[in-house]
Ligand code: PMP
């Protein structure tokens, strides 16, 4: 018997190798992974064990103390009698050596073959291209085949660990055990819809409401951010006697469905776009760095742009339906509007008879650190808030909150029913996400780790002339790269280079903005100070590499 502890970052846990001495056959070894530590601690390497002895349990203990019936054992053929020195897991580079040392044990088991299929990303990509539309994008020129996620780490098919600083949907960490347990438990119990009474859904709605400003009393549950914005648009219409004219932000994004894509300037004015319907009015991106008005005090100038759009409508005798706005514009390049903008814009629209919709699909749920919602951080008062992405930590769910008055105006006789919205499993998962955010102090973590990013980036931004701006709130961050600080000419190639090199270093970030020159950093909000240090140090090293020094 031998017990190995695997310290590599492959996350396979300790392993046990048992050497079998059958009376009527060759000696062989079996190898067990993912075992229970308590049992392992009682095992002494080298000890003899009898048939039937407990050598371990598979898997980790579940929340309620049980054992999940999963995971694996491995059977080894060991040509050199070298038991106790076998690779439970080998890196791809060592695969050929290990398969030579330990040939296919199919002979022993009477199977055709146990040879693991070589993970082939090329093959997957080919099949994907054959069956999916060409406009479905994939990250990186050499795409990554992800097979497992845990916390802030993603593992690819070759066992490589990546620090995830780009996926904000797994808000409280990939596969958070409490969220997984809540979903698994509820899935095994009941999953129906909102036409039945359910205590969990009511309790969850209460908890969600408690996070929102008091005036937002009514919640609608749906399944995606796009769907949430569709409902918000319908609510706004109901609240304005059927008005249709909508103000939207330059470079804003609100979804892929008919009504949302045509209210997403980022899409309709972008590649493969179309002209927006005549009742969609784009207000300038309130970007204090490279927008039409600049500087920290430009907020009121951008509010005046909103007012001008409202005045134009008024001159035509039209009432606005409302404004649809992200508090921090993600696709626009992590743009934080100047002080007073969002509040002023929302108030102006309301004063003109329209409805203010805050799209918190990206930035809600404590990500900005100081406040649970990004609109709160800007002192704005929305009439409707839409939520998605992080709300279910990856489970497809979304929600809309509004005032009792608007909900009443919308009610108007027609049933509101979304098949999956507010189903029992979503309610359980949504509640678990809120509980984890609170119990683990994750909003405060986002604040602290985000502040650390700015602290560490300040001297770096001074040192490298191609960094025009370091911006964001909490763990929703951006670094604006330029060819030249004076002209602010965006440097898309530099941003691509940095994102690619970060991947080489095992860290995932992305690029965005109208010129794709902004490094986008939006990790799960459990991201630690040490992980942020690793990320910033990697950025700093890359900024010092030759492509930058030549430019
Ligand atoms: N609003 C914003 C701000 C978003 O970022 C997104 C998704 N990127 C959506 C809405 C649409 O959400 P979904 O993809 O879940 O429909």
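What to note about this one:
- Cα→Cβ-extended label distance, 7 Å offset, between residue 541 and residue 188, nm: 4.4 nm
- Within the stretch 302-411, DSSP assigns beta bridges of which about 35% are antiparallel (rounded to the nearest 5).
- Volume of the Cα convex hull of the stretch 325-365, divided per residue and given in Å³: 74 Å³
- A Förster distance of 41 Å, applied to the separation of the beta-carbon atoms of residue 141 and residue 311, puts the FRET efficiency at 0.30.
- Rh (Kirkwood; distinct C-alpha pairs) - the stretch 290-389, Å: 13.9 Å
- In summary, the stretch 346-495 shows an alpha-carbon radius of gyration equal to 1.33 times the 2.2 N^0.38 Å reference for compact globular proteins.
- Antiparallel %, DSSP beta bridges [both residues in the chain], to 5: 70 percent
- Entry note, the stretch 399-551: relative contact order of 19 percent, from Cα contacts under 8 Å with a spacing of 6+ residues.
- Mean separation of Cα contacts under 8 Å, 6 or more apart, over the residue count of the chain: relative contact order %: 15 percent
- The orientation-averaged projection of the convex hull spanning the C-alpha atoms of the chain amounts to 29.9 square nanometres.
- Relative contact order of the stretch 284-324, pairs being alpha-carbon contacts under 8 Å that are 6 or more residues apart, as %: 23 percent
- The protection proxy used here, the mean number of other Cβ atoms lying within 10 Å of each residue, ranks peptides 386-393, 302-309 as follows, highest first: 386-393, 302-309.
- Fully extending the segment from residue 50 to residue 405, taken as 0.36 nm per residue of separation minus the present Cα-Cα distance, adds 120.5 nm.
- Distance between the stretch 460-476 and the stretch 232-294 - C-alpha centres, whole angstrom: 28 Å
- Among 532-543, 217-228, sorting by the average number of other beta carbon atoms lying within 10 angstrom of each residue, highest first, gives 217-228, 532-543.
- Two-site label geometry, residue 210 and residue 528: point separation in nm, points 7 Å out along Cα→Cβ: 3.0 nm
- Binned Cα-Cα distance frequencies in the stretch 192-245 - 5 Å width, integer %: 4, 16, 19, 22, 23, 11, 5, 1
- A simple spin-label model places the labels of residue 80 and residue 489 5.9 nm from each other, with each point 7 Å out along Cα-to-Cβ.
- For the stretch 92-212: Kirkwood Rh in Å [reciprocal of mean 1/r, alpha carbons]: 19.3 Å
- Efficiency of FRET between residue 181 and residue 297 - r from beta-carbon atoms, R0 60 angstrom, step 0.05: 0.75
Just so you know, all these numbers are worked out from the coordinates, no wet-lab data involved. Since we're looking at a predicted model, the values are computed, not measured. We place every Cβ from the backbone using ideal geometry, glycine too, and count neighbours over all the protein chains shown.
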